[in-house]
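**Q** Structure below; questions to follow.
The values are calculated or read from the model by the stated rules, or taken from the named source; none is laboratory data. All values derive from a computational prediction rather than experimental measurement. Here the Cβ positions follow ideal geometry from the backbone for every residue, glycine too, while neighbour counts run over all protein chains shown. The area values use the complete protein model at the heavy-atom level, side chains included, leaving out ligands, DNA and RNA. Shrake-Rupley method; radii C 1.70, N 1.55, O 1.52, S 1.80 Å.
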Protein chains: 2
Amino acid sequence: MADLVYQRVINKLQKSIDANEYTDLKLPNERILAEEFNVSRSSIKKAMNVLIQRGVVFQKQGSGTFVNPLYLKNRPLFNFSGDNVGVTDTFQKDGERPDIRVLDLNVVKATEEVQQALFLEPGEFVYEIKRLRSFGTQPFMIEDGFVPVKLVPDLTEDIVSGSLYNYLQESRNIAVTRSFLTISADVSTAQDQELLQLKPNEPVGTMEGIFFMDRGTPIEFSHMRLHYKFMRYNTFTVLN
Amino acid sequence: MADLVYQRVINKLQKSIDANEYTDLKLPNERILAEEFNVSRSSIKKAMNVLIQRGVVFQKQGSGTFVNPLYLKNRPLFNFSGDNVGVTDTFQKDGERPDIRVLDLNVVKATEEVQQALFLEPGEFVYEIKRLRSFGTQPFMIEDGFVPVKLVPDLTEDIVSGSLYNYLQESRNIAVTRSFLTISADVSTAQDQELLQLKPNEPVGTMEGIFFMDRGTPIEFSHMRLHYKFMRYNTFTVLN
DNA sequence: CAGTGGTCTAGACCACAAG
DNA sequence: TTGTGGTCTAGACCACTGG
């Protein structure tokens with residue numbers, strides 16, 4: 001991954017920004033950066049596009065490139081910058097991957113909702129995977145995922161106690177690189193409060209999503225309930 | 001707008017896709033498209049990136065470019081095609097625009113936080129606009145926005161009792177087409193509960209964001225607190 | 001006017017997919 | 001092996017910002 005020119009640029013710039021090296025929030029201009037990194041300006045632009053998409057910087061024609069002050073204030077707890085769009089890669093704290101506790105693993109008939117989300121025929125079977133994710137002693141997410149049996153016929157509790165998507169990538173060469181997510185909030189239930197160590201009046205953030213393999217085949221439909229302090233999603237939108 | 005090469009490509013491809021001209025869902029390869037459109041392959045790639053971001057097509061190295069079948073099945077979910085990124089255009093219920101009640105309108109000196117977000121000098125003045133948005137009798141958002149006085153010197157309570165961005169577009173030809181948002185959730189305060197008609201244990205969704213004009217000048221910094229049932233954010237992510 | 005990002009081109013070479 | 005997208009370069013010219 002990091003042997004790509006623009007990836008190297010992204011990583012270095014991200015590191016510099018996170019280390020507050022640009023105290024006035026202004027980055028060197030693209031031509032200077034190209035020289036400094038000894039790459040073409042196009043590669044700088046490609047890297048910038050990624051950082052812009054992440055909400056880390058923004059550019060202003062005629063003025064320059066600036067660190068996004070909101071990024072500095074609201075360091076995202078997750079962003080889509082890893083190898084795939086799964087929880088293990090996108091939720092990291094100080095570079096640490098979350099711990100996983102498997103609450104339940106079963107095979108069930110897909111409900112209508114699950115059927116629709118995963119484009120299954122009536123009666124097809126899915127794994128239901130309930131997991132709790134934590135950083136050390138702090139649990140932050142209850143995950144209830146559905147995966148078609150026919151796509152991963154050999155799933156075991158052992159596999160889901162680690163990163164499912166990393167397993168798919170390493171042993172099956174399946175990359176999960178797309179996701180469609182709906183982000184919302186909800187009152188916490190008694191179970192939420194117990195598992196996520198929440199007070200009764202504290203809410204959960206919810207994320208509901210479909211995850212896709214490269215070709216566009218849906219591989220997982222997932223409900224996630226997060227400790228509200230751990231749900232912080234950054235998004236940059238440009239209308240065309 | 002449409003005099004840009006890549007915009008022309010985007011528009012034509014989008015139109016062809018919407019007209020189901022690619023019956024097998026496969027587009028011509030990039031080199032062919034470059035020839036057909038009489039542009040460079042780089043311009044085709046730039047256009048493709050926009051269509052990919054919109055969820056309209058996806059590419060697979062070695063295979064080609066394909067129309068996203070999910071886009072065909074559920075177009076509105078992936079189309080981000082309002083006129084601007086403001087609340088009035090993006091929050092609509094059955095095509096209805098929300099009502100606005102102005103809670104407060106003042107001119108104040110920008111705090112350091114606001115200064116940074118809007119790229120102002122110390123001591124510059126901003127409007128502070130507090131508004132409550134409702135659908136009929138159901139309030140759903142408390143909005144606390146800051147707009148530099150110098151950018152909109154003639155702001156009045158009358159203007160902010162309607163859509164500020166629509167006013168800017170119509171009377172000043174300023175389009176607000178970019179936004180950076182941080183989405184999270186929080187325990188509701190007494191004020192939230194009163195204004196949004198929430199029970200004490202019910203939470204708010206929060207959105208904090210900077211809104212930008214076309215060329216990147218920030219025009220508003222806004223804190224939004226939403227009735228949790230009305231915060232639903234959809235996002236489509238593609239890695240690489 | 002100088003500084004800076006935006007657009008666009010032409011072309012080379014690499015990496016992956018599928019026959 | 002051929003087709004296809006991915007990466008990368010070098011450089012030209014345009015458009016906007018701000019002194």
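**Q** Within the stretch B:139-150, count every residue that is in contact with a helix residue (DSSP H, G or I) (Cβ under 9 Å, 6 or more places away or on another chain) and closer than 13 Å to B:Val126 by Cβ.
**A** Selection size over the stretch B:139-150: 4.
**Q** I would also like to ask the following. Mind counting the residues in the stretch B:9-19 that are open to solvent by 90 Å² or more (accessible area, probe 1.4 Å) and under 23 Å from the mean Cα position of the chain (by Cα)?
**A** Selection size over the stretch B:9-19: 1.
**Q** Against the condition modelled with pLDDT under 85 and either among the small types (Gly, Ala, Ser) or over 30 Å from A:Gly64 (Cβ atoms) (or both), how does B:Arg97 come out, does it pass?
**A** So B:Arg97 passes the test.
**Q** Restricting to the stretch B:20-61, and then to whatever is within 13 Å of DNA strand D (Cβ to nearest atom) and among the basic types (Lys, Arg), can you tell me which residue is most open to solvent (accessible area, probe 1.4 Å)?
**A** Result: B:Arg31.
**Q** Turning to a different aspect of this structure: Could you grab me the full set of residues in the stretch B:53-70 that are under 16 Å from B:Lys12 (Cβ atoms) and either within 12 Å of another protein chain (Cβ to nearest Cβ) or small (Gly, Ala, Ser) (or both)?
**A** Going residue by residue through the stretch B:53-70, those that are under 16 Å from B:Lys12 (Cβ atoms) are B:54, B:56-57, B:65, B:67.
B:Arg54, B:Val56, B:Val57, B:Val67 - these are the residues of the stretch B:53-70 that are under 16 Å from B:Lys12 (Cβ atoms) and either within 12 Å of another protein chain (Cβ to nearest Cβ) or small (Gly, Ala, Ser) (or both).
**Q** Okay, moving on. Could you check, for the stretch A:1-19, whether at least one of its residues is among the polar types (S, T, N, Q), away from DNA strand D (no atom under 16 Å from the Cβ) and modelled with pLDDT of 90 or more?
**A** Looking through the stretch A:1-19, at least one residue is among the polar types (S, T, N, Q), away from DNA strand D (no atom under 16 Å from the Cβ) and modelled with pLDDT of 90 or more.
**Q** If you take the residues in the stretch B:115-129 that are over 20 Å from the mean Cα position of the chain (by Cα) and under 19 Å from B:Val160 (Cα atoms), which one is surrounded by the most Cβ atoms within 10 Å (Cβ to Cβ)?
**A** Applying the filter and picking the extreme gives B:Val126.
**Q** Now for a different question. Please pick out the residue among B:Thr189, B:Thr177, B:Thr182 that is within 20 Å of the chain's Cα centre (by Cα) and at pLDDT 85 or above.
**A** On inspection, the qualifying residue turns out to be B:Thr182.
**Q** Give the stretch B:108-135 a look and list any residue that's away from DNA strand D (no atom under 16 Å from the Cβ), among the acidic types (Asp, Glu) and not in a strand (DSSP E or B), or say none.
**A** Within the stretch B:108-135, B:Glu112, B:Glu113 meet the criteria.
**Q** Any chance the stretch B:224-238 includes a residue that's touching a residue at least 40 places away in the same chain (Cβ under 8 Å) and within 16 Å of DNA strand D (Cβ to nearest atom)?
**A** Yes - at least one qualifying residue is present in the stretch B:224-238.
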